[in-house]
Amino acid sequence: MLATIACAANLLTDYRWKMWFWGDGIGLEGLLDATELTGNQKYLGYVHGLFKGWISRIEYRSKFDHTAAGVALVRCYQRTGDPSLLEAARDFADYLSTFRRSKNGCPIHYDDAHLELPPELPIDHPQYSERAEQRRKSMATENAGACVFVDSVHFQGPFLASLYAVTKEERYLEQCLQTIVPQVQLLWDPAHQLFHHFWIEESEQRNGILWGRGNGWGLLGLVETMQHLPSHRPEFIHLKEVLVQQVNRLTELQDPSGDWFTILDRPDSYLESSVAAFVIAGFTLAINRGWIDKSYFAVAEKAWRAMWRHLRENGLVDGVSFETFPSRRAEHYCTMPRGGVVPWGQGPFLVACSRFLQLKPARRAQVIVNPTAVIIPAAAPHSQAVTLG
């Protein structure tokens, strides 16, 4: 198992990071977990080196710097003691405080969200199209304007909460709560008890799609923020209520295979493999913290078996959809290509392995039964998307 985990991590060390882009953070968190799982310090060194390179140009902000790997930055500081990392974390928190806010006080990090952009596919992917690639680069699609995305529930809240935990400075706690609470308010659907992919400021409406991986971002955002919050705070109590409702709904929607559909409540969409890893990582942390009942371990166990069935022998987590740009149409999500090395596939797998293996030995031994026996050959073809109906 550890050899396979190392293979999965090695694929990320060959990945071409954009620094920063959606999902980079969990990829680097996964590499830090890989060091803890395998004992190989090269993954920590790799992450440390990436951050040192970023720090050298940190004042030159990119469009997506709000997605920077804040949690990994704080963790890397804790592991190395490098003071420049803590300084960069403070600088990043200050940068996040500069964004304007919506009517309900939610930070607006993305003012020109283009709908239905094609994903960036490797040239050898069977669904690669030069025409689609040019369309993506030109951003020749509808501009929905300012939006709030569920991914950000994982990007900012956990970072600010972890910075508060390290520094004990109340300003970071308040910044954290003033970020994640309004994000959840805009994106959480009390009727469906799930998160929507995004909220559009102009119409003040959610997009109406209960995206699977998006709910993974929301789930991890909740638990990874809560672990650093004072439990007596009303904000903690509110987030826990949302967590319990989401956990119940995800349990109801789990497929018998252990996976979830890419649109959670649409069984005519395909089963998408990253969701299982997100659920394992979120459920196990919540169980260990006592926020949800231990009976939910059965859901994580089924997801664990499903996750390993998606592993290729070279460490690739197969069946993960490429970057999924926003849309109001279900068909956009259901035709998203799969089958490549992406940090939001490899990273959640490594995080899930770390969290699952932290469960009590007697409990985890029940399900760790040669999981590598189900790994499929590396030569397997790219996964194909399906259409609705």
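The helix-only estimate of mean residue ellipticity at 222 nm for the chain, built from DSSP H runs of length n ≥ 4 each weighted as -39500 (n - 2.57), is -15500 deg cm²/dmol after division by the residue total. Positive-end ranking of Cys106, Leu229, Gln156 along the dipole of the stretch 98-254, with charges on Cβ about the Cα centre, is headed by Leu229. Sorting Ile263, Ile26 from the fewest to the most surrounding beta carbons within 10 angstrom yields Ile263, Ile26. Peptides 87-98, 228-239, ordered by how many other C-beta atoms sit within 10 Å of their residues on average, highest first, read 87-98, 228-239. Its relative contact order, with pairs defined as Cα atoms under 8 Å and 6+ residues apart, puts the stretch 2-374 at 20 percent.
Each of Pro267, Gly208, Trp304 was scored by the projection of its Cα onto the charge dipole of the chain, and the greatest displacement toward the positive side belongs to Trp304; charges sit on the C-beta of Lys, Arg, Asp and Glu. The order of Glu130, Glu252, going from fewest to most other C-beta atoms within 10 Å of their C-beta, is Glu130, Glu252. Here the Gaussian network model covers the chain, with springs between Cα atoms less than 10 Å apart; of Gly39, Gly345, Gly214, Gly39 fluctuates the most.
For a straight C-alpha distance cut-off of 29 angstrom, the lysines reachable from Lys63 (same-chain residues fewer than eight places away being disregarded) are Lys18, Lys52, Lys103, Lys137. The antiparallel fraction among DSSP beta bridges confined to the chain stands at about 95%. Structure remark: mean-square fluctuation, Gaussian network model of the chain, C-alpha springs under 10 Å; the largest value among Val184, Val153, Val244 belongs to Val244. Computed extension length for Ala165-Ala132: 7.5 nm, one decimal, from 0.36 nm per residue of separation with the Cα-Cα distance subtracted. Global size of the stretch 265-361: 14.4, 44 Å for Rg and Dmax (C-alpha atoms, Rg to one decimal, Dmax whole).
Just so you know, all these numbers are worked out from the coordinates, no wet-lab data involved. Since the model is a prediction, treat every value here as computed from it, not as a measurement. Note: ideal-geometry Cβ built from the backbone for every residue, glycine included; neighbour counts use all protein chains shown.
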